[in-house]
Amino acid sequence: MKKLLFIIIIFFFVLSCYAEDETFVSTLEKIEDTLRITIAAVGDIMMGSDFPSPILPPSSGEHLFSDVKKHLKAEIVFCNLEGPLVHGGTTCKNIKSGRSYAFRTPPKYAKNLADAGFNCVSLANNHIMDFGRRGITSTIKTLDSLNIKHSGPVGDIARFTIKGLKVGLVAFSTYNSTYNILNENVAFSTISSLSDSFDILIVSMHAGSEGTGALHTKDAFEYLYGEPRGNVVKFAHKAIENGADLILGHGPHVPRGLEIYRDRLIAYSLGNFCAYGRFSIKGATGKSLILKVKLKSDGSFDEGKIVSVSIKKPGLPYIDPENHTLQLIRELSTKDFKSNAPEIDEEGTISNSQFLINQ
């Protein structure tokens with residue numbers, strides 16, 4: 001499929017080389033622009049839990065995304081759903097240890113995702129199986145009823161057709177209940193195979209350590225309480241080498257820097273987004289964002305935008321006019337990725353600095 005698109009692009013390029021008609025060139029530019037797709041992505045969402053005791057927003061959470069909804073406009077609007085949508089059941093986690101938590105959100109709260117504009121979620125994380133097979137089955141059924149696409153369990157791929165382009169999203173974590181980044185041979189084989197089936201392939205990864213000590217991205221294996229959380233740099237680079245076009249990271253509960261690799265954008269962590277009553281929102285864990293991305297028809301990065309968000313008690317997202325997250329990501333990107341960092345201006349516009357240098 002990508003080879004066909006490449007041939008079409010070359011065909012129009014050759015024609016343009018021989019065309020002096022400004023109208024013809026303008027038409028080509030319009031055609032090229034119409035083949036771009038838009039994505040709005042955020043990190044972890046947990047809309048409240050009735051386990052072990054109820055901490056749920058009033059009015060079934062209908063106001064959870066009121067302040068940010070106007071910015072959640074794109075052809076794909078993505079989040080990581082941090083926990084199952086299910087009634088009842090028994091958790092398999094030992095929550096008494098103090099290092100393990102279990103979430104259970106009533107299914108009716110999923111309507112808030114749809115109403116806010118979300119049409120794609122990752123189910124690959126350390127909480128989606130908090131209530132076992134019953135929880136994941138109920139979650140998928142609920143999302144399907146709202147036409148929200150999803151990926152996480154093996155075989156579960158989010159599929160879109162946008163402007164005639166086939167777009168796929170596959171979600172990975174570090175757990176065997178999902179596509180697993182720790183099983184590298186299978187992971188990269190899966191990505192390569194999917195890339196052949198889609199014009200554009202988005203890879204989501206729930207990986208890396210957690211908390212304010214995990215702001216920086218390192219090309220090294222990460223752990224949390226001894227649990228392997230992967231080498232996110234190695235995985236992201238190899239994923240792109242095998243055909244991924246955009247990497248959306250989440251899991252550390254803080255924002256991380258952005259990198260451009262082979263003209264593809266990597267967001268190593270989108271942080272928290274909605275953390276009703278259960279997550280820490282102190283310091284960097286309360287800094288969030290909406291990442292807006294535009295991709296060309298070949299999957300390469302065109303342009304982007306960071307919309308800064310602040311998470312305020314009891315865990316709701318609000319637009320941050322002071323742009324604290326933007327400043328943090330600019331700093332982290334430059335420090336962690338040097339020349340591979342994208343150009344990010346004071347308004348939050350993201351450009352491919354490598355492309356600009358070559359102009």
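One residue alone among 319, 357, 344 is modelled with pLDDT under 95 and of a type in the set (A, V, I, L, M), and that residue is 357. With the condition kept exactly as written, say whether any residue in region 231-250 is basic (Lys, Arg) and not in a helix (DSSP H, G or I). Taking every residue of region 231-250 in turn, none turns out to be basic (Lys, Arg) and not in a helix (DSSP H, G or I).
Of the set (1) over 23 Å from residue 101 (Cα atoms); (2) more than 17 Å from the chain's Cα centre (by Cα), all apply to residue 170 but (2).
Considering only residues in region 78-122 that are part of a helix (DSSP H, G or I) and at pLDDT below 95, the one that is surrounded by the most Cβ atoms within 10 Å (Cβ to Cβ) turns out to be 95. Taken together, 273, 279 contain a single residue that is in a strand (DSSP E or B) and of a type outside the set (Gly, Ala, Ser), which is 273. With respect to being part of a helix (DSSP H, G or I) and more than 22 Å from residue 319 (Cβ to Cβ), residue 216 falls outside the description.
In this structure, does residue 127 turn out to be closer than 27 Å to residue 104 by Cα and assigned to a strand (DSSP E or B)? Here the answer is no, as residue 127 does not meet what is asked.
Across region 186-204, not a single residue is classified as surrounded by fewer than 18 Cβ atoms within 10 Å (Cβ to Cβ), assigned to a loop (DSSP other than H, G, I, E, B) and more than 16 Å from the chain's Cα centre (by Cα).
The numbered conditions (1) in contact with a Lys or Arg (Cβ under 8 Å, 6 or more places away or on another chain); (2) more than 30 Å from residue 68 (Cα to Cα) are all true for residue 234 except (1). When restricted to residues that are among the aromatic types (Phe, Trp, Tyr) and surrounded by 24 or more Cβ atoms within 10 Å (Cβ to Cβ), region 212-271 contains 2.
Among residues of region 242-268 being free of Cβ contacts under 8 Å to residues at least 40 places away in the same chain and either touching a strand residue (DSSP E or B) at 6+ places or on another chain (Cβ under 9 Å) or not assigned by TED's automatic domain parsing to the domain that holds residue 39 (or both), the one that is farthest from residue 207 (Cα to Cα) is 264. Note on region 141-174: residues that are surrounded by 19 or more Cβ atoms within 10 Å (Cβ to Cβ) and either free of Cβ contacts under 8 Å to residues at least 12 places away in the same chain or in a helix (DSSP H, G or I) (or both) total 2.
Against the definition (modelled with pLDDT of 95 or more, closer than 29 Å to residue 164 by Cα and not acidic (Asp, Glu)), how does residue 207 come out, yes or no? Criteria not met by residue 207.
Residue 334 falls short of the stated requirement of being surrounded by fewer than 19 Cβ atoms within 10 Å (Cβ to Cβ), among the hydroxyl-bearing types (Ser, Thr, Tyr) and closer than 30 Å to residue 199 by Cβ.
The values are calculated or read from the model by the stated rules, or taken from the named source; none is laboratory data. No experiment lies behind these values; they were computed from the predicted model shown. As a convention, Cβ positions derive from the backbone with ideal geometry for all residues, glycine included, and neighbour counts pool all protein chains shown.
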